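Just so it is clear, none of the values below were taken in a lab; they were calculated from the coordinates. These numbers were taken from a predicted model, which means no experiment stands behind them. When we count neighbours, we look across all protein chains shown, and the Cβ atoms used for this are built from the backbone with ideal geometry, even at glycine.
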Amino acid sequence: MTESLDNVSVSIDASDTFFVASRSRADVGSEGGLDMSHRGGKPGFIRIEGDGLFIPDFKGNRFFNTLGNLLGDNRTGLLFIDFETGDLLRITGTVAIDWNPRATEMPAGAQRSWRVDVARFWRSRGALPFVWEFGEYAPPR
């Protein structure tokens, strides 16, 4: 990676949501496939650590589709959207899941974490022509 994640940290630091792509194990065949899921938290819930990202994982729908996929094939794609500017940040890398992280590393409500070792990323400025207005954060569960 020639460019540092520090150059795009503002997009990640300000994000309260991102999307994660995963793929089921190759040996599942036609029963498997690709998955795209949403993850969210308060801005700053993702930390940049060197050439990687520390991502806390919060209680969800309990299907564990994404985490199950990442156990079978740890490659992933992440998409961050800056809803004020229309900028997109796309990241590819590999994931390691920590099922029992130290509580001191975790924000309130997180149950596990994962680290994305970033292989590559692209930033596209003004890629989305839409304008959004922030409403409010979802209530905690």
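Things worth noting here:
- Stretching the chain fully between Trp122 and Asp51 yields a gain of 24.1 nm (0.36 nm per residue, less the alpha carbon separation).
- Distance histogram for segment 46-98 (every C-alpha pair counted, 5 angstrom bins, percent rounded to whole numbers): 4, 14, 23, 26, 19, 10, 4, 0
- Each residue of segment 120-127 was assigned a 3J(HN,Hα) from its phi angle through the Karplus curve 6.51 cos²θ - 1.76 cosθ + 1.60 (θ = phi - 60°); the sequence is 7, 8, 9, 10, 10, 7, x, 6 Hz, with glycine and proline shown as x.
- Think of it as helices only: each DSSP H run of n ≥ 4 in the chain is worth -39500 (n - 2.57), and spread over all residues that comes to -2500 deg cm²/dmol at 222 nm.
- Among the listed options (i) -0.34, -1.09; (ii) -0.55, -1.29; (iii) -0.42, -1.24, the one matching log10 I(q)/I(0) by the Debye sum over Cα atoms at q = 0.11, 0.19 Å⁻¹ as calculated from these coordinates is (iii).
- For the chain, the longest site-free run once chymotrypsin sites (Phe, Trp or Tyr not before Pro) in DSSP loop states with at most 14 other Cβ atoms within 10 Å are removed: 1-62
- For Lys42, net neighbour charge (Lys/Arg +1, Asp/Glu -1) across residues whose Cβ lies under 13 Å away: -1
- For segment 56-127, the Kirkwood hydrodynamic radius from C-alpha pairs, put into Stokes-Einstein at 20 °C and a viscosity of 1.002 mPa s, yields a diffusion coefficient of 156 µm² per second.
- Largest mean-square fluctuation among Ala26, Ala110, Ala119, in a Gaussian network model of the chain whose springs join Cα atoms under 10 Å apart, belongs to Ala26.
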